[in-house]
Amino acid sequence: MIFSGLDPLFLGDAGTFEMLLIVLLKVLVAFALLLVSVMLYIWWMRKFISAMQNRIGPSRAGPFGILQTLADGIKLFFKEDLIPSKSDKFVFKLAPFFSLVPALLVFCVVPVAGDFSSGGDGTVTWFGNETFVQVADPHVGILFVLAMSSIAVYGIMLAGWSSGSKYPLLGSVRASAQMVSYEAALGLALIAVLLKSGTLSTHDIALQQNGGITDWGLVVTGFVPFIIFFIATTAELNSPPFDLVEAEQELVGGFHTEYSSIRFALFFMAEFMNVITMSAVMVTLFFGGPSGYYPSFGPAWLWGLLWFVGKVFIFVSVFVWMRGTLPRPRYDQLMDLGWKLLIPLALGWVLLIAALDIFDDRGFGSGPAQILIAAICVVAILAFGALLMIAILKGQKKREQEGEEVFG
Amino acid sequence: MPNLPLLGDTSRVADEGLEGLDHNFLTGKIEDLVKWSRTRSMWPATFGLACCALEMMATGAAHYDLARWGMEVFRASPRQADLMIVAGRVSQKMAPILRQVYDQMMEPKWVISMGVCASSGGMFNNYALVQGVDQIVPVDVYAPGCPPGPETLMHAILQLHEKIESGEITSRRDQRDGGAGIIVEQRDGQTATQMILSQRK
Amino acid sequence: MSILNFFKGFAVTFGKLNHASKSGKVVTTEYPEEKRSKPARLHGRHVLNKYEDGMEKCIGCELCASVCPANCIYVRGADNDLENPTSPGERFGFIYEINYLRCIHCDLCVEACPTQAITETKLFEFSFMDREQAIYTKDELVVADDGKPQNLPWEDWRQGEDEHTSEWMRATSPSGSADFVGLVQWAGELGYGTRKPESSQGPNNSSETAPELSPEEEVH
Amino acid sequence: MTEEDHQDSLSTETETSSAVPDGEIMYEVPVSRSRGQTVLHPNRDQYVETIEKLSQDGFKVCIDVTAVDYLENPERDIPCSISPERFEVVINLLSHSKKERLRLRIQVPESDPVIDSIFDYYPGSEALEREVYDLFGIKFEGHPDLTRILLPENWHGHPLRKDYDVGSIPVQFKEAPGAG
Amino acid sequence: MTQNEAILENGAAERVFRRGDDSAILRMSESEIHAYKPLDDRRMVVNMGPQHPSTHGVLRLSLEMEGETVIRSKPIIGYLHTGMEKTGEQLSYLQGATNVTRMDYSSPLFSELAFSLATEELLEIEVPERAKWIRMLMCELNRMSSHLLFQATNGMDIGAVGAMIYGWREREEVLRLLEKITGLRMNHNYIRPGGVAADLPDGWRDDTLRILSNLPERLDDFDGLFTGQPIWHERLQGVGVINSEECLALGITGPLLRSTGYAWDLRKDIPYLHYDQVEFDVLVGTYGDCFDRFAIRLNEIRESIRIVYQILEKMPDGDYRIQDKKVTPPPRTRIDESMEALIHHFKIFTEGFKVPAGEVYVAVESPRGELGCYIVSDGGPKPYRMHIRGPSFTNLQVLPHMLQNALVADAVAVISTVDPIMGEVDR
């Protein structure tokens, strides 16, 4: 049963005390869970990288160093704070929150658990009330995700700009360009999912995928949107190898060079919180959210939670793996990748899916017609790509010639 | 009334203000927690100068692994660093920059003078080098050797940790003029900051 | 296939995961709990040795001070008290100081010392809180009555670090001449007796002693 | 052209033209040998011409430019046609094709420590000449950017000159005379 | 050499000769740069270093940039000026090795070798065969550790943090062997005038063989991480290009020169020690870009492995120091037996040995290029003038030319692959 994007909690009677309690509880738990998972994630990141480098990694703060992030946090909290005299003080103070708050908010729309087994409706029953295990399920859930991830750019941009020094400024320029351009690829990749699901509600999207792997967005949309989404997310998150914004070797610390103490900790936290939330979004969109094999014993929402956490864990580990392996591309190469490959590819793929869907609707659902239309689309995409490549090469040549004229 | 519940001995409050308070249950624990966090998460600034810088990086690498104390986070920006390891010879030309970086670091901050060149000029007793970085910044621990091996550096770091854990954090700024020196009066029952590492687990 | 190459790096890092491949094992020595075994020739903190009868070896000749490139040794000799001599011979080292904030551990002093009085232990784990502490005087440098180096509170001594104290000097033949290889060329030391010279100056000297285990093998 | 050819062709010329140089002549300048290495001793005023000839003769690389201050040790083995001065600029050239090195030693007087730059023939001498200027105070005329390179710009004196003190301080000891 | 000559015939190095305003170099003094405000609004001057994570210590680059594009630049050095050449005049030839070894701290044995060879040349002595082979062994091991260090720092600069740790890890294995032989991890003071300080210890052969057998596999890891990696190609290929002619004009040596396709290696072309008796290849690049320099260094480790295998085969027995009473202290038994020996011992360690007057320049091929030592002796026990020609010092001049019109990120790659060691630059 599909609730058309509304939490069943709010169906029926007007607000009761229990409802308020449940909502409050959900907010608190989501917040605490996120903070704890960020803590664990940072620890896991450092441990995993250490393991890849044959080291031990943090081991002195708590058992296996599991309290390492806590120690970092406390230390930063009790460190002297500084606002550079050259900075724009109000913006300087505001920027970290611009970064952190969206990261928290995005997590609100992610369905974390619930009965997402095949045939389940993704709900749980708490205190006699049926509800979703997510803080909110607005009709525009996916748009909300996009909006919030865009606002997060402001945090980084303003931080760099307001610091009043050169390296952070370069960092913030990079950030705005990089994020704006990858936002486009991100959005286009999302459209493929939306086309297939026909809804913007995250809960519904997750619910539609509960029929097994063949129902997952990954398969339904044909892998390509996922790959684009994944790369764009990496860039959006400033996660290595696309961490150009703070590229230590080039820009010292990038946008947060001038930040210290708790403000830096907020950036630090926001960055890693974003990794978790975007992984969660990715799991929701392409990997069926909390769906999976549900054993018959135990509460269904718990299995949902376990599936969800497991999937997110794999994703964040992949991010760490990339961090430990890949060299960092150059700024212009990153932009090239975004504009010249990902955006056209995403656009083409959306067209392909849309065409196939329309043919489906018109009754050419099977057989040679579909193959034909697919072939036509592929040829069109290839032709488009070839034209683009020609244009790029021409432009390159022209620039080189101009450069030669100017610089000899 | 000298003894109050929760506040402990208050007889010195009249003379010393709040500084005269003993640590009670609450503040004592917080202080321990802060000290604990500072020793477990002491981010060094990347301040490599010469030979010692290689050993400093080797200490961070797989065979010695500073990450065990959460110290693999070498911060390029002095604003976020807690510890400056002066690794190498400090020339007269570099000295002002060294001081500037030190000033850019936020309190609390500590300095390890790594190697004899930083500590005293080492074998280069000449016009070009600053004969001891403690003329420029307050040094907490000196590591001998040219360059000190990774274990020597770790020993120095552990000494610093011990120093932090046994020192007090609240009243240190008065006693040294704003610098990073953290030699403070010891609390009752603690006479020496030295430790014997082999006895420590 | 550039796409495949892209993923090769991932295979490498994954292979390095602990025990995932031959080259994937933790190589970290967990100092301070454990300490890697030091090579016999390591130049560590100095000691002033004694003869087996308890007399000091140092004769206050100041050769070490004059050869030191960092000028970090200060020695003054004095005439021995005839009744109660400190060292055999006429003079002994009256003041002996090493400034460890200058010492570069080049071991020229050890090579220069005509009586093998100053040698180096394998201890390198020490650090100081203030400059005074770094100036070792004779009281701290000279070996204890049992011939072992003194374990000062700020030094991190472990088992066996005093054992190869004169190894650098005993490295094969100190003059480089193959004719003197294997000859004992020095007097015995208190607590350790006469130390054997290192073997061979030949092309193959791997067979005589079992190769020293590398630390990582010992750890695991 | 091999080395011998040079000597043959040039020595006949110089016998008539210049005033009795001792020993060999190469590239029209007196030559000495130090431990089997060839050293040319051109005149300060004409050495750039020698450099030009050498650079055309395969000595494509200027390996090193340095200087020596002979204040405390005026004796040195140079051909007697060359009068020793306090400073000596030493230029090391390398010919890849001949696999040969050549050294030029040019006397520079203390009263007028100026010499022509070889930047136009060997742009790589830029930093090397700056270093000599910095540490010895020898000026290179025609150098595009003759500023201090190793020492701070407001430094006084030129440390590698022999009359510049090493600047060492006493080493700290506990019982040494004067120790606190 | 015909190939080299052919390379040189292609055009002249106009670019490096340019003196005017449009040159790649920001030709201003430090204070002028400080006060300099570019006329063009879009330009700004950014200082990279001296405290910057990717400037390999204390190099400072002043970059005049338009956006992220570098227009002109100037390396500013001297932040590590140690006065070693002055100190070298205060130390005897016996102590001298402790001084020079601290110049190039990633390959200290090469500085010692150059100094020792120069001193021996002045003394006109020939060291024993075993000493020569030990020197070669140590130098090649050191070359490996130095190039591994390059892999580590290069990986770190391009952002591959994992590679950094792998580089350090392999280097550590080599360092431990060096430590076992010389007693110190760095700054060994091992190669000295007259031979080496001590013979190889027991078990050195096994240890060396273990490194040699482990290393190729680890080098393949670098291949997996970098050599084929598309991002790596993007970052390094076609970046920081220089040609042979420019290199020669600027006096560039070592892997930088070889990366342009110009085969010049002192070990091969002007052999010293016994490099003419071992087989190895001089590796050259094609394009003279950052990638070539990276690949050359990586593969030079493999060549070094090849050389070390041959050294192990050919290692003779015998003396490891010259048996010349003037240079080498007497055997210890002789000190007790003979007054003359005791006097020799005292003389050598108090005043050192006297070196006949003269001057000499000797060069060796260090991992960074030609490392030369120029010594003037006045007949006394201390060098009258000791000058080290550091390859990094000259190589640094190439930076402004490579950086022109490059991005900041390229600057990092270029500095990294030029691989300067500031200790040797500033001395």
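Within the listed set A:L104, A:L342, A:L372, the residue fluctuating most in the Gaussian network model of chain A (springs between alpha-carbon atoms under 10 angstrom) is A:L372. Note on chain C: Cα convex hull, mean projected area over all directions, 17.8 nm². Using Cα-Cα distances under 8 Å and only pairs 6 or more residues apart, what relative contact order does the stretch A:8-328 have, in percent? Result for the stretch A:8-328 is 25 percent. Between the Cα long axis of helix D:125-136 and the first principal axis of chain D there is an angle of about 50°, rounded to the nearest 10. For chain E, a Gaussian network of Cα nodes joined below 10 Å ranks E:E64, E:E303, E:E279 by mean-square fluctuation, and the top entry is E:E279.
Calculated mean residue ellipticity at 222 nm for chain A: -22500 deg cm²/dmol, from DSSP H runs with n ≥ 4 weighted as -39500 (n - 2.57), summed, divided by the residue count and rounded to 500.
For C:E163 and A:D81, the FRET efficiency from 1/(1 + (r/R0)^6), where r spans their Cβ atoms and R0 equals 51 Å, is about 0.45. Here the Karplus curve 6.51 cos²θ - 1.76 cosθ + 1.60, taken at θ = phi - 60°, turns the phi angles of the stretch A:322-331 into couplings of 4, 4, x, 10, 8, x, 8, x, 7, 4 Hz, with x standing for Gly and Pro.
Is the C-alpha gyration tensor of the stretch A:69-109 telling us rounded, prolate or oblate? Criteria: a/c under 1.5 is rounded; beyond that, a/b larger than b/c is prolate, otherwise oblate. Note, shape of the stretch A:69-109 comes out oblate.
Is there a pair in A:K26/A:K311; C:K57/D:K162; C:K138/E:K180 whose C-alpha atoms are over 31 Å apart, and which pairs would that be? Going by Cα-Cα distance, C:K57/D:K162 fall outside the 31 Å limit. Each of E:Y361, C:Y192, E:Y79 has some number of other Cβ atoms within 10 Å of its Cβ, and from fewest to most they run C:Y192, E:Y361, E:Y79. Cβ-Cβ distance of D:E72 and D:T38, R₀ of 25 Å, FRET efficiency by 1/(1 + (r/R0)^6): the value works out to about 0.40. For a test of the definition: using alpha carbon positions, the gyration tensor, and the 1.5 limit on a/c, classify the stretch C:122-186 as rounded, prolate or oblate. It is prolate, given that a/c is not under 1.5 and a/b is the larger ratio. Sketch the reach of a paramagnetic label on A:I358 as a point 7 Å from Cα along Cα-to-Cβ, and name the residues of the stretch A:371-387 whose backbone nitrogen lies under 19 Å away. Within reach of a label on A:I358, which here means backbone N under 19 Å from a point 7 Å along Cα→Cβ, the stretch A:371-387 contributes A:371-384.
With neighbour counts taken as other beta-carbon atoms within 10 Å, the residues D:V39, D:V108, A:V281 rank, fewest first, as D:V108, D:V39, A:V281.
Panel values: the stretch A:8-328, Kirkwood radius from alpha carbon pairs, Stokes-Einstein at 10 °C and 1.306 mPa s, translational diffusion coefficient 77 µm²/s.
Counting only aspartates and glutamates at least 8 places from A:K398 when in the same chain, those with an alpha carbon closer than 19 Å to its own are A:D332, A:D336.
Of the DSSP H helices in chain E, those that are both long (alpha-carbon extent of 18 Å or more along the helix axis) and hydrophobic (Kyte-Doolittle mean at least 0.0) are E:108-123. Note on chain E: with charges restricted to the Cβ of Lys and Arg (+1) and Asp and Glu (-1), its dipole about the Cα centre is near 960 debye. For chain E, the mean residue ellipticity at 222 nm estimated from helices alone is -15000 deg cm²/dmol, where every DSSP H run of n ≥ 4 contributes -39500 (n - 2.57) and the total is divided by all residues, rounded to the nearest 500. Counting neighbouring Cβ atoms within 10 Å and putting the fewest first, the residues B:I30, E:I25 line up as B:I30, E:I25. Rg and Dmax of the protein assembly as shown, both derived from C-alpha coordinates alone, stand at 34.7, 123 Å.
Shape class of the stretch E:221-298 from the Cα gyration tensor (axes a ≥ b ≥ c, square roots of the eigenvalues): oblate, since a/c reaches 1.5 or more and a/b does not exceed b/c.
Short to long, the 20 Å bins of the Cα pair-distance histogram for chain E hold 26, 55, 18, 2, 0 percent of all pairs. For the stretch E:183-191, the Karplus equation 6.51 cos²θ - 1.76 cosθ + 1.60, evaluated at θ = phi - 60°, returns couplings of x, 9, 6, 9, 6, 6, 6, 10, 7 Hz by residue, with Gly and Pro reported as x. Taken residue by residue and averaged, Cβ atoms of other chains lying within 10 Å of the Cβ of C:69-79 number 5.
Pairwise alpha-carbon distances in the stretch A:342-397 exceed 16 Å for 49% of all pairs.
In this structure, the amide hydrogen of C:F94, modeled 1.01 Å from its nitrogen in the peptide plane, lies closer than 5 angstrom to those of C:R76, C:G77, C:A78, counting only residues at least 5 positions away or on a different chain. Dipole of the protein assembly as shown computed with +1 at Lys/Arg Cβ and -1 at Asp/Glu Cβ about the Cα centre; of E:L225, A:A189, E:V196, farthest Cα towards the positive end is A:A189. For the stretch B:156-164, 3J(HN,Hα) computed residue by residue from phi via the Karplus equation (6.51, -1.76, 1.60; θ = phi - 60°) reads 4, 5, 5, 4, 5, 4, 4, 5, 5 Hz, glycine and proline entered as x. For the stretch A:179-227 versus the stretch E:200-247, the inter-centroid distance based on Cα atoms is 43 Å.
Against the main long axis of the alpha-carbon atoms of chain C, helix C:2-16 sits at an angle near 50°.
Near the amide H of B:M84, within less than 5 Å, lie the amide hydrogens of B:A45, B:W110, B:V111, B:I112, all on another chain or at least 5 residues away, with H placed in the peptide plane. Only Lys, Arg, Asp and Glu carry charge here, each on its Cβ (+1 for the first two, -1 for the last two); on that basis the stretch A:101-235 has a dipole of about 680 debye about its Cα centre.
For C:L48, the residues 5 or more places off, or on other chains, whose built amide H falls under 5 Å of its own are C:V142, C:V143. Can you give the FRET efficiency for A:S150 and D:E49, using 1/(1 + (r/R0)^6), R0 = 60 Å, r = Cβ-Cβ distance, to the nearest 0.05? The calculated FRET efficiency here is 0.30. Considering only A:T221, A:T123, A:T325, the Gaussian network model of chain A with Cα springs below 10 Å gives its largest mean-square fluctuation to A:T325.
Coordinate-derived values only; no laboratory data. Note that the structure is predicted; figures quoted are calculated from it, not measured. All Cβ positions, even for glycine, are placed from backbone atoms using ideal geometry, and neighbour counts span all protein chains on display.
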